[in-house]
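Worksheet for the structure shown next.
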Amino acid sequence: MEIPSKYMPQEVEEKWYTYWEENGYFTSIPDDREPYTIVIPPPNVTGVLHMGHMLNNTLQDVLIRKARLEGKNACWVPGMDHASIATEAKVVAKLKEEGISKSELSREAFLKHAWEWTHEYGGVILKQLRKLGCSCDWKRTKFTMDDDMSASVIDVFVELYNKGHIYRGYRMVNWDPQAKTTLSDEEVVYEERQGLLYYLAYPIEGSDESVTIATTRPETILGDTAICINPNDERYHHLRGKNAVLPIANRQIPIIEDEYVDMEFGTGCLKVTPAHDENDKEIGDRHNLEIIDIFNDDATLNSYGLHYKGKDRFVVRKEIAKELEDQGFLVKTEPYTNKVGTSERTKAVIEPKLSDQWFLKMDDLAKPALDAVLQSGEVKLFPKKFENIYRHWMENIRDWNISRQLWWGQQIPAYYFGDGKEDFVVAKSAEEALVLAKERTKNEQLTADELKQDPDVLDTWFSSWLWPISVFNGIMAPDNPEINYYYPTNDLVTAPDILFFWVARMIVAGYEFKGERPFENVYLTGLVRDKQGRKMSKQLGNSPDALKLIENYGADGVRVGLLLSSAAGNDLLFDESLCQQGANFANKIWNAFRLVKGWEVADLDQPQASKIGVNWYTARYNQVLAEIEGYFEKYRISDALMAIYKLVWDDFCSWLLEVVKPEYQQPIDRTTFEIVIQLFEENLKLLHPFMPFLTEEIWHRIAVRGSKEALCIADWPNMTDFDNKVIAEFEFAAEVISGIRTIRKEKNIPNKDPLQLMELSSETSISSMDAVIRKLGNIAEIETVDNPVDGALSFRVKSNEYFIPISGTIDVAAEIKKIHEELNYTRGFLNSVEKKLANERFVNNAPPQVVDLERKKATDAKAKIETLEKSLASLE
């Protein structure tokens, strides 16, 4: 089979992915082997492959492929998240393009459109993951809205409600006016924004006096129901028990006292708007204040907004400030930097809103999950630094708002039978709900038509927190063979920004519903940023097309490029040149294969140099294998790849192949050839988890292999004892060879010209590697001498000194002149450094590291002068 001159990933990748799938290598069913299980962090059904996905899924694939080679029953479960907010927004936008408003549709009609959109556009990312080489068990693909997955969510809601963990409460929530739904505290991102602080004068009823209030939100004054002062603030004692007049609305509001007020902020007076601020709501509760909600669900003003009704809150902010100024109520404005809550999904500014919502009590549920990470160590976070963040979140956990005002998702299984807030039952089905409602009402005549299910759906995270359990049907069938075999899973690879959203909640669910951890190890990747350190985003336009990268550099090139620069938990500054580096590595391996397969093989005696070379590389291979295993244990995947990279590029390609390479147009001996092929195959096994396509291609080009002999299912190498002495001696010989090559380069001595090498007799002399030195240095003779050699160039390797006689090989006069020039320059340099070090002011005042650097410069210069003087003496 002719080997192409260049590796062409586009011609290889689809071929081998199809082959792997057709032969069922990724399929897992329970058997007698040790299971190794990873569940994919389910990407949004709306998502397309981006750099974060590329990094995360490459890491998972490396782990799963290595486990498969180790003989474990490797199971990587793929799937997608239904992403309530994102998907509903996509569907609403599509309907709008078709001239249809969501409000015109029934729930059933809207969901029909949502499912149509999901089937047509959703799941693109799973197809794209195949391009990356991800070896998921695609037959197990799950979707959080699958019937069995939804049933698990409903089952869990009912169970938690019956245990008293879920309740319905009228609370201040985070309202996303764009998505028109509540968000949990964790879905709110706080951003610093430059705004204004408005100083407003509220007239005091029955007097000419006014009190000034500072606020960042003048549009909310129409919802004010009191002015609050601190009872300890003597400036305002005379206002006790009086009323103020609300500007524009001309409504009386009481002046109340509460120690919550910060006397140092603004004017020390606070406008109280219980419907639109959590702290104001608490003050309002303490003082029985009226609650006036001035906003519609889309953050336009309602009828309480008077003549601003129907206008957006930010439009009203500007207009009402102008009206307040015109009427003399706006005293002044000041620039003010404020932390503003925004929606993680839609980026809209969050509006605090009082609303009836469903909550999950988290205090008791969180304790086992906190202990699992910080006490027993049953769940380990890599890197360990994330434990402190985990601790902070879990020790300050708040009740989880789990209801969302959307239609796409699992509808809350609460059924109302009356108009009262408590007139409901919670059940797994409408039929069960009717039975329970009849019991509650004592009304046997009650019909299903009289029950109304809660219109809200559950937070998407309320389905994905069950992911490691529900993908194996562990909620609905808690003792089934699959959950018993695959659970707990082994490793989870995810981004740190969802450590609380998802990881912590999965740990909570694992202990609550299975009584054990959901996974043992959590590998937290860094974020992929651009060269300037900015987070990649569509808005900045700094996120490269992931599929285009694969097209340009090959999947293996992109995988290597990402991983070489991605230490666990540290952000990756992505540069496309990294992918080029990965592609170059693929070509290096390909060219090494072409070189080896291009040799003619003959039945010859094995040369001594080749024997030494293969013995050394075998020892070095096992040394690196031990390092690699250590890196994998610590989840230092990038370090493992770098160790393999250096082993293959430096040790195998640059040294071993040079040692064993036959002379020009001469054959290689069969013994060496067969060992080199075997070592090449061992290299491919190490490389396969990182570069699956290239390695499978070369594996099948080395020999004709059947479906049961594919590299994808081969055996991971076993570590054996290795000879450190052989490794050390070869490293020494490599330095000798480098010394010879340096002299050849500096003196322009052609590589084809044989040289004589003389070694000054020493206790540390090594002769075991002479055959290798002779071959790679093109040395005709190696001789041991008792004294330095005149008329020779010298170099040192550690304490050993070597000489190369140069008579007839170089222009001695020119060389002497060159050394004189270099000596003069180096002496001048040393003189300037010593003057600086003789200056007491410099030595006493300069930073210690600067002084140390100058001292090192002086030492190095002296050593160089000594070497140059010796070379000069030997030539003159």
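The values are calculated or read from the model by the stated rules, or taken from the named source; none is laboratory data. Being a predicted model, the structure only gives us computed values, none of them experimental. Cβ coordinates were reconstructed from backbone atoms using ideal geometry, including for glycine residues, and neighbour counts include every protein chain displayed. SASA here: full protein model, heavy atoms, side chains in, ligands and nucleic acids out. Shrake-Rupley method; radii C 1.70, N 1.55, O 1.52, S 1.80 Å.
In loop segments of the range 121-218 as defined by DSSP, the GluC sites (Glu not before Pro) with at most 14 further C-beta atoms inside 10 Å of their C-beta are Glu205, Glu209. Remark: relative contact order (the range 170-273) = 26 percent; criterion is Cα-Cα distance under 8 angstrom and separation of 6 or more residues. Check the straight Cα-Cα distances from Lys15 and name the aspartates and glutamates below 20 Å, setting aside those fewer than 8 residues away within the same chain. Within the straight-line cut-off, Lys15 pairs with Glu2, Asp61, Asp137, Glu551, Asp556, Glu696, Glu697, Glu709.
A Cβ-based charge dipole, computed about the Cα centre of the range 815-876 with Lys and Arg at +1 and Asp and Glu at -1, lands at about 180 debye.
Placing dummy labels 7 Å off each Cα toward the beta-carbon, the span from Glu735 to Glu520 is 4.1 nm.
Stretching the chain fully between Arg841 and Lys870 yields a gain of 6.8 nm (0.36 nm per residue, less the alpha carbon separation).
With +1 on the Cβ of every Lys and Arg and -1 on the Cβ of every Asp and Glu, and nothing else charged, how large is the dipole of the range 703-766 about its Cα centre, in debye rounded to the nearest 20?
So the dipole magnitude of the range 703-766 works out to roughly 480 debye.
Can you figure out the FRET efficiency of Glu439 with Arg171, using R₀ = 25 Å and their beta-carbon distance, to the nearest 0.05? For Glu439 and Arg171, the calculated efficiency is 0.30.
The simple Förster model, with R0 at 22 Å and r as the Cβ-Cβ distance, assigns Arg594 and Glu70 a FRET efficiency of 0.15. Counted residue by residue at 0.36 nm each, then reduced by the alpha carbon distance between them, the extension gain from Ile389 to Ala703 reaches 107.9 nm. Summarising the label geometry, the points placed 7 Å from Cα in the beta-carbon direction at Thr784 and Arg193 lie 8.2 nm from one another. Enumerate the aspartates and glutamates that Lys836 could reach by cross-link, defined here as Cα to Cα under 13 Å, with residues fewer than 8 away along the same chain left out. Excluding near neighbours in sequence, the set is Asp852, Glu854. Send over a whole-number figure in Å² for the accessible area per residue of the chain, probe 1.4 Å. That works out to 46 Å² per residue.
Inter-part distance, the range 776-818 to the range 839-874, computed on C-alpha centroids, equals 26 Å. Here the accessible area is traced with a 1.4 Å probe on the protein chains. For the chain, carbon and sulfur cover 48 percent of it. Considering only DSSP beta bridges whose two residues both sit in the chain, what percent are antiparallel, to the nearest 5? Approximately 70 percent, going by the DSSP bridge assignments.
The relative contact order of the chain comes to 12 percent, based on Cα pairs under 8 Å that sit 6 or more residues apart.
Checking the table Lys817/Lys856; Lys96/Lys421; Lys531/Lys862; Lys531/Lys857; Lys180/Lys242 against a 30 Å threshold on Cα-Cα, which pairs fail? In this structure, Lys96/Lys421; Lys531/Lys862; Lys531/Lys857; Lys180/Lys242 exceed 30 Å between Cα atoms.
At the residue level, Ser767 shows approximately 90 square angstrom of accessible surface with a 1.4 angstrom probe and all protein chains present. The simple spin-label model puts a point 7 Å past each Cα toward its Cβ; for Lys452 and Lys96 those points are separated by 2.8 nm.
Backbone amide hydrogens, once placed in the peptide plane, bring Asn73 within less than 5 Å of Glu34, Tyr36, excluding anything fewer than 5 places away on its chain.
Report, in debye and to the nearest 20, how large the dipole of the range 105-144 comes out about its Cα centre when Lys and Arg carry +1 and Asp and Glu carry -1 on their Cβ. Charge dipole, the range 105-144, about its Cα centre: 240 debye, nearest 20. Placing a label point 7 Å from the Cα of Glu205 along the Cα-to-Cβ line, the residues of the range 224-238 whose backbone N sits under 12 Å from it are 226-227.
Here's the picture: a label point sits 7 Å out from the Cα of Gln327 along the beta-carbon direction, and within the range 245-276 the residues with their amide nitrogen under 11 Å of it are 245-251.
Using the Cα centre of the chain as origin and beta-carbon charges of +1 (Lys, Arg) and -1 (Asp, Glu), tell me which of Ile677, His237, Phe795 is placed farthest towards the positive end of the dipole. Ranked along the dipole, the leading option is Phe795.
Here the sum of -39500 (n - 2.57) over DSSP H runs of 4 or more residues, divided by the residues of the chain, equals -13500 deg cm²/dmol at 222 nm, to the nearest 500. For Met536, the amide hydrogen comes within under 5 Å of the amide hydrogens of Asp530, counting only partners 5 or more places away or on other chains and with H modelled in the peptide plane.
Note on the range 128-142 and the range 388-418: Cα centroid distance 31 Å, given to the nearest whole angstrom.
The overall shape of the range 44-85 is oblate: from the C-alpha gyration tensor, with semi-axes ordered a ≥ b ≥ c, the ratio a/c is 1.5 or greater and a/b is no larger than b/c.
For the range 744-876, give the share of DSSP beta bridges that are antiparallel, in percent and rounded to the nearest 5; count only bridges with both residues there. Within the range 744-876, antiparallel bridges account for around 55 percent of the total.
Of the peptides 117-124, 596-603, the ranking by mean beta-carbon count within 10 Å, highest at the top, reads 117-124, 596-603. If the segment from Arg855 to Glu822 were pulled out straight at 0.36 nm per residue, it would be longer than the present Cα-Cα gap by 9.8 nm. Calculate the FRET efficiency for Val124 and Gln666 from the Cβ-Cβ distance with a Förster distance of 35 Å, rounded to the nearest 0.05. Rounded to the nearest 0.05, the efficiency is 0.05. For the range 513-580, the relative contact order is 42 percent, taking Cα pairs closer than 8 Å that sit 6 or more residues apart in sequence and dividing their mean separation by the residue count.
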